[in-house]
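Okay, so here's the structure we're looking at.
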Amino acid sequence: MENVLIAGANGTTGRKIVQLLKNSRDYNPVAMVRKESQMEKFEKENIMTVLGDLEKDISHTVQNIDKIIFAAGSSGKKVIKVDQEGAKKLIDAAKDSSVKKFVMLSSMGADQPEEASDLKEYLKAKHEADEWLKSSDLCYTIVRPGSLTDNQGTGNIKLAQSLGHSGSIAREDVAQTLVGALHDDIANKQVFEIVEGEVVIRKALESISKNPQPQA
């Protein structure tokens with residue numbers, strides 16, 4: 001089983017990712033949390049944890065890690081320090097440790113943050129982190145969902161390099177998409193947008209893998 005580090009494991013989407021990995025046959029989740037007080041609930045479920053603050057040195061967090069899902073965020077409070085520079089630090093650490101794949105939770109609109117009417121600073125930070133990952137030589141997948149909801153997931157999505165319209169998507173479906181992208185032969189060096197849709201997540205990911213699109 002491959003060890004997967006989840007940055008942002010204590011977040012709403014991060015917790016869903018951890019549970020999916022815990023129930024998988026291929027992966028062993030390693031929850032990266034910022035505070036010691038956050039470790040207990042994961043350890044009670046026999047989930048490995050590691051302390052790591054994205055504003056500080058995090059090079060130790062990638063030891064014995066095979067793959068990474070970056071689902072961390074500052075909720076708009078520290079977008080430069082966390083969403084941008086924190087992501088870049090973890091990307092650099094992953095590169096130094098020969099991590100096999102880095103799956104990034106980005107955001108729709110991160111391709112052209114200057115055109116956003118709101119959340120411009122956040123989208124610019126996500127854009128910078130995405131560009132850093134694309135230039136890192138790591139194997140990666142960048143997932144850009146629409147607005148996240150707490151609705152029950154459907155297991156179905158609409159996926160394209162550029163959908164051409166906005167939309168929303170359940171966090172459960174985003175988590176499933178991120179976990180699906182961990183596979184070695186799925187969406188390598190691909191950037192795509194997702195919203196709720198009618199295509200089974202696995203099939204949507206397989207489709208973009210068989211028909212690679214230019215990087216966004």
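The values are calculated or read from the model by the stated rules, or taken from the named source; none is laboratory data. Being a predicted model, the structure only gives us computed values, none of them experimental. Methodologically, a virtual Cβ is constructed for each residue, glycine included, from the backbone with ideal geometry; neighbour enumeration extends over all protein chains shown. These accessible areas exclude ligands, DNA and RNA; they are computed on the full protein's heavy atoms, side chains included. Shrake-Rupley method; radii C 1.70, N 1.55, O 1.52, S 1.80 Å.
Number of residues in segment 168-192 that are of a type in the set (V, I, T) and part of a helix (DSSP H, G or I): the value is 3.
Looking at segment 153-166, can you tell me whether even one residue there is within 15 Å of the chain's Cα centre (by Cα), of a type outside the set (V, I, T) and open to solvent by 20 Å² or more (accessible area, probe 1.4 Å)? Scanning segment 153-166 turns up no residue that is within 15 Å of the chain's Cα centre (by Cα), of a type outside the set (V, I, T) and open to solvent by 20 Å² or more (accessible area, probe 1.4 Å). S75 meets each of the listed conditions (1) in contact with a Leu (Cβ under 7 Å, 6 or more places away or on another chain); (2) modelled with pLDDT under 95 apart from (1).
Only residues that are open to solvent by 10 Å² or more (accessible area, probe 1.4 Å), more than 23 Å from I169 (Cα to Cα) and modelled with pLDDT of 95 or more were counted in segment 101-135, giving 5. Only residues that are of a type outside the set (V, I, T) and either more than 22 Å from D111 (Cβ to Cβ) or free of Cβ contacts under 8 Å to residues at least 12 places away in the same chain (or both) were counted across segment 188-207, and they come to 4.
Only a single item in (1) surrounded by fewer than 23 Cβ atoms within 10 Å (Cβ to Cβ); (2) over 24 Å from E172 (Cβ atoms); (3) of a type in the set (A, V, I, L, M) is not met by V62, and it is number (1).
Highlighted here are the strands (runs of 3 or more DSSP E) found entirely within segment 1-72 that include at least 2 residues which are over 19 Å from G180 (Cβ atoms) and at pLDDT 95 or above: 27-33, 48-51.
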